[in-house]
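Visitor: Before anything else, here's the structure in question.
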Amino acid sequence: MRLVVVGGGIIGTALALEAVGRGCYVVQLERDDVPHGASVRNFGMIWVSGRAAGPELDLALRGRARWQELSDRVPGGLVRPAGSLIVATEPAELQLIEAAAARDDAGWDWTVLDTRAARKREPALSSSVLGALHCPHDALVEPETVLTHLRELAAEAGRYTFQPGRAVVEARSGAVLDHTGSTHRADAVVLATGASLELLGGTEKETVSVRRLQMLEVSGGTPTPAHMLADGNALRYYPAFDLPERALLPLADPEVGRYGCQLLLAPRRTGTMTIGDTHVDEPPVDFASSEEADEYILASAERVLAGGVGAVLRRWQGRYLRRTGGAEPYLCSWVNDGVLAVTAVGGMGMTAAPAIAADVVSLLLGS
Ligand SMILES: Cc1cc2nc3c(=O)[nH]c(=O)nc-3n(C[C@H](O)[C@H](O)[C@H](O)COP(=O)(O)OP(=O)(O)OC[C@H]3O[C@@H](n4cnc5c(N)ncnc54)[C@H](O)[C@@H]3O)c2cc1C
């Protein structure tokens with residue numbers, strides 16, 4: 001099969017790699033000279049914990065396993081099995097963590113650690129941490145380099161071409177037209193265009209919305225954490241913690257109400273740390289970052305890290321598309337004859353991409 005993949009983010013790239021591995025000829029078209037959408041702006045967390053039991057958790061677990069297979073093909077590896085700690089600084093957060101770990105459907109292999117055990121496992125934690133949920137499945141990749149590695153893997157078979165700087169303006173049965181006027185013919189087209197809605201149909205647009213996140217890179221304090229970290233505010237958002245004990249959490253700080261702030265922290269291979277984030281459903285005109293939200297995220301990191309955080313090195317925003325309608329964890333929909341849209345993976349696209357790629361290629365090949 002000849003396949004055109006539109007979009008050079010993690011979904012398009014994982015799809016291209018999977019399709020090439022299963023014998024397809026793939027042309028991947030990317031609008032920018034170097035992709036710089038959600039897939040390079042994220043934490044790089046292959047985050048299984050926190051997912052809703054059922055299709056979402058299944059996707060995350062399969063994604064984690066396939067990431068490992070890909071990682072094993074690259075000298076030096078792609079995935080660091082860092083594990084994660086969701087830390088509690090309030091008794092009610094610890095109570096919710098304990099309740100979540102006791103769920104019968106917990107397929108996450110979680111352990112609840114008291115303050116001593118948490119600080120023994122992660123010496124970078126401060127004394128304000130009352131306990132933590134250790135999630136060993138969780139892992140890290142480096143978002144700024146991982147797409148390049150995956151493209152190199154795809155190129156090994158000799159059936160893959162990556163064409164950056166090509167904005168697709170029309171996708172129809174058996175062909176796409178790019179902004180230079182070139183037509184690329186194929187047996188099937190996959191639109192993996194992330195938060196860009198131009199090529200989606202009206203029905204698809206009605207079931208998705210764009211969410212904006214604020215992120216920072218900071219230099220690490222001493223010691224720098226080895227684990228990915230999340231703070232108690234994360235318990236307010238992730239479905240695995242949607243339990244009666246959630247109602248007992250302390251009243252959320254105003255910044256949590258205004259910007260959907262939580263602390264997520266990913267230690268980078270370079271020794272710096274990516275921290276975030278906010279969850280704001282994109283308003284039509286407000287494009288600005290909030291300094292108040294950044295300050296809150298920095299203060300949250302200072303609270304849970306014994307050595308605090310160093311200088312702010314970079315700040316950026318990212319956007320992802322998420323589903324607001326439909327039962328499946330992501331959008332997979334024929335928008336035209338032979339043209340399949342695969343997007344709206346929300347905050348788990350990095351985690352789930354290799355599993356989504358396997359499912360979508362099976363759909364296309366009918367196998
Ligand atoms: C700040 C942030 C942090 C996140 N953290 C995590 C995390 O730690 N773990 C996790 O699992 N998930 C995380 N996510 C979610 C994850 O990053 C996304 O779900 C995922 O990257 C979406 O991938 P994508 O390929 O669909 O989109 P994108 O990465 O946006 O890629 C889409 C690509 O399509 C291209 N494109 C668009 N239109 C056209 C066109 N017409 N022609 C050609 N090319 C086109 C764009 O230029 C872009 O490169 C995070 C997201 C954000 C924003």
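The values are calculated or read from the model by the stated rules, or taken from the named source; none is laboratory data. Bear in mind that the values here come from a model prediction, so they are computed numbers and not experimental data. Note that each Cβ is placed from the backbone with ideal geometry, even for glycine, and that neighbours are counted across all protein chains shown. All accessible areas refer to the heavy atoms of the entire protein, side chains included, with ligands and DNA or RNA removed. Shrake-Rupley method; radii C 1.70, N 1.55, O 1.52, S 1.80 Å.
Visitor: With only alpha-carbon atoms counted, please give the Rg and Dmax of segment 20-134, in Å.
Guide: 18.4, 55
Visitor: Can you work out the FRET efficiency for the pair Gln317 and Glu198, with r the C-beta to C-beta distance and R0 = 30 Å, to the nearest 0.05?
Guide: For R0 = 30 Å, the calculated efficiency reads 0.90.
Visitor: A further question on this structure: What GluC sites (Glu not before Pro) does segment 125-171 have in DSSP loop regions with at most 14 other beta carbons within 10 Å?
Guide: Taking segment 125-171 and a limit of 14 other Cβ atoms within 10 Å, the loop GluC sites (Glu not before Pro) found are Glu156.
Visitor: I need the shape label for segment 244-292. Rule: rounded when a/c is under 1.5, else prolate if a/b > b/c, else oblate, with a, b, c from the alpha carbon gyration tensor.
Guide: oblate
Visitor: Can you give the charge dipole size of segment 240-367 about its Cα centre, rounded to the nearest 20 debye, using +1 on the beta carbon of Lys and Arg and -1 on the beta carbon of Asp and Glu?
Guide: 440
Visitor: What is the angle, in °, between the Cα long axis of helix 91-101 and the longest principal axis of the Cα atoms in the chain? Nearest 10 is fine, range 0 to 90.
Guide: Result, in degrees: 50.
Visitor: Over segment 211-367, with a single point scatterer placed on each C-alpha, what log10 of the ratio I(q)/I(0) does the Debye formula yield at q = 0.08, 0.09, 0.10, 0.19 1/Å?
Guide: -0.30, -0.38, -0.46, -1.23
Visitor: On a 0 to 90° scale, report how tilted helix 10-21 is relative to the longest principal axis of the chain, with both axes built from alpha carbons and the result rounded to the nearest 10.
Guide: Around 50 degrees separate the two axes.
Visitor: Counting only heavy atoms of the protein chains, get the accessible area per residue of the chain (1.4 Å probe) and round it to a whole Å² value.
Guide: 41
Visitor: Tell me which of Leu15, Val342, Gly201 sits at the most positive position along the dipole axis of the chain, charges placed on C-beta atoms (Lys, Arg +1; Asp, Glu -1).
Guide: Leu15
Visitor: Around Gly165, under 12 Å between beta carbons, what's the net of Lys plus Arg minus Asp minus Glu among the other residues?
Guide: -2
Visitor: I'd like the per residue volume of the convex hull spanned by the Cα atoms of the chain, given in cubic angstrom.
Guide: Once divided by residue count, the hull of the chain is 134 Å³.
Visitor: Could you list log10 I(q)/I(0) for segment 301-367 at q = 0.12, 0.15, 0.21 Å⁻¹, which the Debye formula gives when each Cα is one point scatterer?
Guide: The computed values of log10 I(q)/I(0) come out as -0.51, -0.66, -0.95.
Visitor: Sticking with this structure for a sec: With a ≥ b ≥ c taken as the square roots of the eigenvalues of the C-alpha gyration tensor of segment 38-79, please select rounded if a/c is under 1.5 and otherwise prolate if a/b is larger than b/c or oblate if it is not?
Guide: Since a/c reaches 1.5 but b/c is at least a/b, the shape of segment 38-79 is classed as oblate.
Visitor: Can you find, among Gly83, Leu57, Met1, the residue farthest towards the positive end of the dipole of segment 1-159? Put +1 on the C-beta of Lys and Arg, -1 on that of Asp and Glu.
Guide: The residue sitting farthest along the positive end of the dipole is Met1.
Visitor: Right, another one. Mean residue ellipticity at 222 nm from the helices of the chain, using -39,500 (n - 2.57) per DSSP H segment of n ≥ 4 over the full residue count, to the nearest 500 deg cm²/dmol?
Guide: Here the helix-only value at 222 nm equals -8500 deg cm²/dmol.
Visitor: Is there a quick way to get the dipole size of segment 313-364? I mean about its Cα centre, with the Cβ of Lys and Arg at +1 and of Asp and Glu at -1; what is the value in debye to the nearest 20?
Guide: Computed charge dipole of segment 313-364: roughly 480 debye.
Visitor: Pop out the Kirkwood hydrodynamic radius of segment 179-284 from its pairwise C-alpha distances, inverse of mean 1/r, in Å to one decimal.
Guide: 17.6
Visitor: Considering only C-alpha atoms, what is the centroid distance from segment 77-136 to segment 253-325, in Å?
Guide: Using only Cα atoms, the two centres lie 21 Å from each other.
Visitor: Then there is this: Loop-only check: which trypsin sites (Lys or Arg not before Pro) in segment 48-88 are DSSP coil with at most 11 other Cβ within 10 angstrom?
Guide: For trypsin sites (Lys or Arg not before Pro) across segment 48-88 that sit outside H, G, I, E and B with at most 11 neighbouring Cβ atoms in 10 Å, the list is empty.
Visitor: Which order, highest average first, do 228-234, 128-134, 335-341 follow once you tally other Cβ atoms within 10 Å for each residue and take the mean per peptide?
Guide: Output ranking for 228-234, 128-134, 335-341: 228-234, 128-134, 335-341.
Visitor: Moving on. For the chain, which whole-number percentage of the solvent-accessible area (1.4 Å probe, protein heavy atoms only) is attributable to carbon and sulfur atoms?
Guide: Carbon and sulfur atoms account for 51 percent of the accessible area of the chain.
Visitor: What net charge is computed for the residues neighbouring Gly201, neighbours being all others with C-beta under 14 Å from the C-beta of Gly201, Lys and Arg scored +1, Asp and Glu -1?
Guide: For residues surrounding Gly201, the net value is -3.
Visitor: Net charge near Leu113: determine it from the other residues with C-beta under 12 Å of the C-beta of Leu113, scoring Lys and Arg +1 and Asp and Glu -1.
Guide: Once positives and negatives cancel, what remains is +1.
Visitor: How much length is gained if the chain between Ala102 and Asp72 is pulled fully straight, taking 0.36 nm per residue apart and subtracting their Cα-Cα distance, in nm to one decimal?
Guide: Residue separation times 0.36 nm, minus the Cα-Cα distance, leaves 7.5 nm.
Visitor: Moving on. Any idea which of Trp108, His179, Gln95 is furthest toward the positive side of the dipole for the chain, if Lys and Arg beta-carbons carry +1 and Asp and Glu beta-carbons -1?
Guide: Positive-end residue among those listed: His179.
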